[in-house]
Every structure is written in C-alpha cells, then in structure tokens.
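The values are calculated or read from the model by the stated rules, or taken from the named source; none is laboratory data. Note that the structure is predicted; figures quoted are calculated from it, not measured. Positions of Cβ are generated from backbone atoms using ideal geometry, with glycine treated the same way; all protein chains shown enter the neighbour counts.
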Amino acid sequence: MATVVRACMPLPTPPVPVASSSAAPSTDAQRRSPGARVLVLGGTGRAGGSTATALSKLRPDLSILIAGRNREKGQSLASKLGDQSEFAQVDICNTSMLEEALNDVDLVVHAAGPFQRENECTVLQAAIATKTAYIDICDDTDYSWRAKGFHEQAKACGVPAITTAGIYPGVSNVMAAELVHAARSEDAGEPERLRFFYYTAASGGAGPTILATSFLLLAEDVIAYNKGEEIKLKPYSGALSIDFGKGARKKDVYLLNSPEVKSAYKVLGMPTVSARFGVLEGYKVLKLVKFVDPFVRAIDGIAGERVSMRVDLDCSNGRNTIRSFSHKKLSVSVGYATAAFVLAVLEGSTQPGVWFPEEPDGIAIESRKVLLERASQGTTNFVMKKPP
C-alpha cells in the first residue's frame with residue numbers, strides 16, 4: 001500500500017480511557033449513506049486501491065475520492081471505477097489541506113501505512129476536528145491503543161471511528177467476537193482460550209509494504225495472555241502446524257505481535273489469547289534483506305497471493321469452535337474486508353467514539369453477519385464448525 005512522507009508537528013495525545021458501552025444517537029455522517037462521499041487515503045497503494053475498487057462494486061452509488069502520492073496512478077484507477085470516482089491531492093501531514101479534504105466527505109479510510117512506529121494519529125484527529133466518520137487499517141498494537149486514546153474526544157464530537165478495520169486485524173476480530181457471542185448465547189461454558197492463526201503466500205500481493213511490516217514485527221516482543229496474565233514471548237517462536245482447510249491446508253505458523261490479541265483480551269474478556277503467522281518459506285531466509293519491488297513481485301507471481309485465517313475458541317466445557325477464511329488473493333480480499341467496515345459505519349452500525357471491531361458499539365452484534373458476508377466475497381473457504 002502507498003506510504004506518505006510524514007513530517008508532521010507533534011500533536012498532544014490524551015491518556016487511554018476505558019471505552020463506554022453505552023449507546024448514542026447516530027451521527028449525520030452515519031445517516032447520509034445513500035450517495036455518500038468516501039475519501040481513501042493511500043488509495044494508490046494495494047490496500048487502498050483494493051478498498052476503492054471493492055466499494056465501487058458493493059455500492060456503485062458512492063462517490064469515491066482516491067488520494068495518494070502517484071497522481072497518474074490515482075487518476076487511472078479513478079477512471080476505471082467510473083464517473084463516481086476521482087483523484088484527490090491530499091497531504092496528510094498538512095493539517096489545513098487534510099481538514100479541507102475531510103470537510104468535503106462523509107467518511108475517511110486511512111490506508112496510508114505502515115503504521116508501525118508512527119507516533120501521531122494525525123488523520124484521526126483531523127476527522128474528529130471536522131466531525132468526519134473514520135476507519136483505519138492499522139496493524140500495530142501501539143498505534144491502535146493510541147487511537148483508542150481519542151475515544152472520549154470522538155464521542156463528544158459525535159464521530160464514529162474504528163481502528164484496526166482491515167482483514168487481519170479487522171475481519172478476524174469480528175470472527176472471534178461471533179465465536180465468543182455464540183458460545184455465551186448457547187451456554188456452552190465460559191470461553192477460555194482464543195487463538196488467531198494466519199497464513200499469507202509470499203507478500204499476498206501487497207508487495208514490500210507488508211514485508212516491511214513483518215520485519216518490524218520481528219524486532220518486537222510478542223504480547224500474549226495466559227490465564228489472565230500478560231506475557232512477553234520471542235517473535236517467530238512457538239511454531240505450530242495448523243490446518244487452514246480448503247485452499248491452504250497445513251501450514252507452519254509462528255508467534256508475532258498483533259493488535260487483536262490485546263483488544264480481544266480487554267474487550268472480549270478472554271483470559272488466554274495469542275496470534276501466529278505463517279509465511280512462504282523463501283522469505284524466512286531473506287527476512288533481514290532489504291527487498292526491491294521487482295523481486296518481491298516476481299516471488300508473488302510464483303507463490304500466488306493466497307490468504308488464510310483461522311480463529312479457534314476453547315470453552316470450559318471442552319467445546320472447541322473454529323472459524324476459517326481463505327481467499328486466493330489478499331490484495332483483493334483486504335479491499336472487500338475494509339469496504340465492509342466502511343459500509344457498516346455509513347449504515348449506522350457504529351456509535352460515536354473510537355472502537356475496535358469486536359466492540360458492540362463499533363460493529364453492532366446484529367450487523368456482524370452482513371459485514372462478514374461482504375468481507376467474504378470471493379472466498380474459497382468461509383465456515384464455522386464445531387469439531388466433536
């Protein structure tokens with residue numbers, strides 16, 4: 001996905017509050033779903049461009065503004081998407097330019113990553129200042145909780161916002177929330193252990209950005225939870241062989257730090273949580289090498305772009321429930337996943353405040369099924385099962 005030059009002046013960051021679960025009236029941005037205007041920052045990158053494309057297919061009536069550094073690429077994508085789309089020149093480090101752009105739209109998608117080691121929530125703050133609905137595809141734990149720190153400000157301004165609203169984290173959080181909700185609704189014992197498993201062939205078509213993210217994660221301690229206690233583990237340890245089902249089958253996965261672990265612990269009340277990732281073998285030996293784009297694209301062409309997710313929930317009565325998701329192309333699937341969150345916010349599912357995807361005030365429980373249906377467009381495997 002596209003990156004941008006960040007030279008922003010520091011902005012004050014408030015302390016992280018405890019999220020309120022109380023409902024609040026829908027905002028104007030939520031009610032203006034028909035013909036709404038959506039700005040996609042990082043729209044000339046893989047994730048942003050895929051989101052714009054998915055939105056144009058799911059909701060042809062939306063006006064989509066594609067913002068990115070490459071004007072030629074942005075204008076080309078806009079022309080392919082039709083008369084409802086156009087390119088917009090936006091520098092997210094220019095506060096006045098950013099706020100001017102947000103004043104003209106109903107919702108902004110922040111897809112201009114990577115989010116690792118980014119110290120400011122500039123786009124979210126501008127969204128709050130202009131009372132614009134917001135989602136991001138953040139995949140960094142620190143950034144997501146920094147965003148959560150603006151919950152009370154967003155709530156006071158009537159701004160609905162969701163952080164980590166991509167595919168993983170994002171759709172995976174909602175999958176986990178549905179498993180936990182079903183277990184508690186069916187009185188299936190108390191949910192005790194939640195495990196996230198992910199596999200992506202090569203870069204998943206996302207190119208060097210996803211690899212840069214992965215390499216940064218290799219330098220971070222893994223935060224996990226065991227029986228209610230936070231523990232730190234070495235990255236790329238704890239190998240397991242996981243069967244992802246149709247399309248991917250068995251893959252080796254390893255511990256890495258991911259935002260949904262902490263949010264599931266705090267939001268879903270899961271005492272034991274962890275996340276593991278699998279990658280193409282060829283990248284393991286080259287993980288310290290600075291990749292060049294043509295080389296990454298070449299390996300993607302050979303390995304494909306398949307993405308698989310599996311979420312396992314173990315309950316106190318011995319019941320184990322699994323939800324799995326596989327798609328042939330991550331670069332397509334991430335677009336539908338993010339677009340599903342966009343539409344949920346525009347349709348009024350999200351209350352004012354900053355939320356994680358698994359929070360009921362982020363994505364209402366009754367809206368989760370529709371979100372997952374939209375996100376699963378083109379999947380080769382999307383099931384929930386209860387093994388004997």
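Scanning region 218-238 for any residue that is surrounded by fewer than 22 Cβ atoms within 10 Å (Cβ to Cβ), of a type in the set (A, V, I, L, M, F, W, C) and modelled with pLDDT under 90 turns up at least one such residue.
In region 284-388, which helices (runs of 4 or more DSSP H) lie fully inside it and hold 2 or more residues that are within 17 Å of the chain's Cα centre (by Cα) and at pLDDT 95 or above?
Here the list reads 330-346, 368-375.
Give the residue, chosen from 71, 59, 117, that is touching a strand residue (DSSP E or B) at 6+ places or on another chain (Cβ under 7 Å) and not aliphatic (A, V, I, L, M). Within the list 71, 59, 117, the selection yields 71. Within region 51-73, which residues are in contact with a helix residue (DSSP H, G or I) (Cβ under 6 Å, 6 or more places away or on another chain) and surrounded by fewer than 17 Cβ atoms within 10 Å (Cβ to Cβ)? Residue satisfying the conditions is 58 alone. For region 107-136, residues that are closer than 16 Å to residue 165 by Cβ and among the charged types (D, E, K, R) total 1.
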